[in-house]
């Protein structure tokens, strides 16, 4: 691994920021790096300089740049194509799951599936990056004979209930919501939340319409943490993609966390910072509203986003830490946001 002073010089940050990144548990709650392999054969196990359009849209991550940035784990997403039939979505999910398992096997131990807190600790101890597998778009399970229980036992750690389109489960918070009269969760959406709770799978409320958010919170087991893996906050930048203070408090009260997305489209505000400090602004708002244990990292790298100009890929996480230090954050707060806050929720859901 490259010496901290060399990394610091290249990134324009302090050695302290680099070392703090490396010494911390750094867990990204949402990466879509399995999308580029499906689109054009991008290989996450090979070092890349970026995507075809630089920092825009795809090509943000690979195994090596994640290691350079200090990543110890991530929630990797298998994203659902909503335009297939129910049977087609389920069949395609199975195909993608097998492909993802092959990717992890091909990493020769550098990536390791993790399904609970104990397994995370084991992966961390051996220097492997923890993979917490997720489904983005619960309608992938519409054609499954037993819903979430049809997936390999315990392998799925999170389901994002609704994605960018309305589905059989409920309405999205995206502009497509206007095509649906009822913005709440459907009966099958409520049943999915209950099934996820029974299987001790995170109910992810990123992307869902606010009415559906409250429907999910109503039927959710109050002893388990809710989560929103990749979003911004209305308190900094009002936007359909961002969470209200009331939603942040509900997640905090459940013992869950809010991962802040890196997309400038949802974070940037008039007169605000243009670099990674915009991410820190949203994280700080979450901490002020929900408490010190609520904010987390949820980049959405490789999810067709444009991150701030200084946060163009996985090697740049130390720049985020430098922005935190410059904002006067304590090391304890930084370590919490980088990974310990999420791990507390993960261990509450699945101690191992």
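One table, with the values for the structure above:
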read-out	value
Index of the failed condition, residue 71 passing every other in (1) touching a residue at least 60 places away in the same chain (Cβ under 8 Å); (2) touching a helix residue (DSSP H, G or I) at 6+ places or on another chain (Cβ under 6 Å); (3) crowded, with 20+ Cβ neighbours inside 10 Å; (4) closer than 30 Å to residue 138 by Cβ	(2)
Filter pass, residue 321 being within 30 Å of residue 43 (Cβ to Cβ), buried (at least 23 other Cβ atoms within 10 Å of the Cβ), touching a residue at least 60 places away in the same chain (Cβ under 8 Å) and over 16 Å from the mean Cα position of the chain (by Cα)	yes
Any chance residue 63 is more than 13 Å from residue 129 (Cα to Cα), crowded, with 18+ Cβ neighbours inside 10 Å, at pLDDT 95 or above and within 19 Å of the chain's Cα centre (by Cα)	no
Checklist (1) assigned to a loop (DSSP other than H, G, I, E, B); (2) touching a strand residue (DSSP E or B) at 6+ places or on another chain (Cβ under 7 Å) applied to residue 75, failing item	(1)
All positions within the stretch 165-181 that are surrounded by 23 or more Cβ atoms within 10 Å (Cβ to Cβ) and outside any loop (DSSP other than H, G, I, E, B)	172
Of residues in the stretch 154-164 being closer than 14 Å to residue 209 by Cβ and either surrounded by fewer than 23 Cβ atoms within 10 Å (Cβ to Cβ) or touching a residue at least 60 places away in the same chain (Cβ under 8 Å) (or both), the one nearest to the chain's Cα centre (by Cα)	160
All positions within the stretch 74-122 that are free of Cβ contacts under 8 Å to residues at least 40 places away in the same chain and closer than 13 Å to residue 151 by Cβ	94, 98, 101
Filtered residue count, the stretch 247-281, keeping only those that are buried (at least 20 other Cβ atoms within 10 Å of the Cβ) and touching a residue at least 60 places away in the same chain (Cβ under 8 Å)	4
Any hit, the stretch 295-306, residues being closer than 17 Å to residue 233 by Cβ, surrounded by 17 or more Cβ atoms within 10 Å (Cβ to Cβ) and more than 19 Å from the chain's Cα centre (by Cα)	no
Hits in the stretch 185-210 (condition: closer than 20 Å to residue 259 by Cα and touching a residue at least 40 places away in the same chain (Cβ under 8 Å))	196, 200, 201, 202, 203, 204, 205, 206, 207, 208, 209
Residues that are touching a helix residue (DSSP H, G or I) at 6+ places or on another chain (Cβ under 9 Å), crowded, with 24+ Cβ neighbours inside 10 Å and on the phi < 0 side of the Ramachandran plot, drawn from the stretch 134-153	135, 138, 139, 140, 141
Criterion violated by residue 68 - all others in (1) part of a helix (DSSP H, G or I); (2) at pLDDT 95 or above; (3) under 21 Å from residue 306 (Cα atoms) satisfied	(2)
Lone unmet requirement of (1) buried (at least 24 other Cβ atoms within 10 Å of the Cβ); (2) in a helix (DSSP H, G or I) for residue 284	(1)
Residues of the stretch 83-122 classified as in a loop (DSSP other than H, G, I, E, B) and either at pLDDT below 95 or surrounded by fewer than 15 Cβ atoms within 10 Å (Cβ to Cβ) (or both), total	4
Yes/no for residue 25 being at negative phi, part of a loop (DSSP other than H, G, I, E, B) and without any contact (Cβ under 8 Å) to a residue 24 or more places away in the chain	no
Unique match (being in contact with a helix residue (DSSP H, G or I) (Cβ under 8 Å, 6 or more places away or on another chain), at pLDDT below 95, closer than 29 Å to residue 258 by Cα and surrounded by fewer than 20 Cβ atoms within 10 Å (Cβ to Cβ)) among 12, 51	51
Of residues in the stretch 327-352 being within 17 Å of residue 276 (Cα to Cα) and touching a residue at least 60 places away in the same chain (Cβ under 8 Å), the one surrounded by the fewest Cβ atoms within 10 Å (Cβ to Cβ)	334
Filter pass, residue 309 being touching a residue at least 40 places away in the same chain (Cβ under 8 Å), more than 18 Å from residue 18 (Cβ to Cβ) and surrounded by fewer than 24 Cβ atoms within 10 Å (Cβ to Cβ)	yes
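The values are calculated or read from the model by the stated rules, or taken from the named source; none is laboratory data. Given the structure is predicted, the values throughout are model-derived calculations rather than measurements. For neighbour counting, all protein chains shown are included, and Cβ atoms are generated from backbone atoms with ideal geometry for every residue, glycine included.
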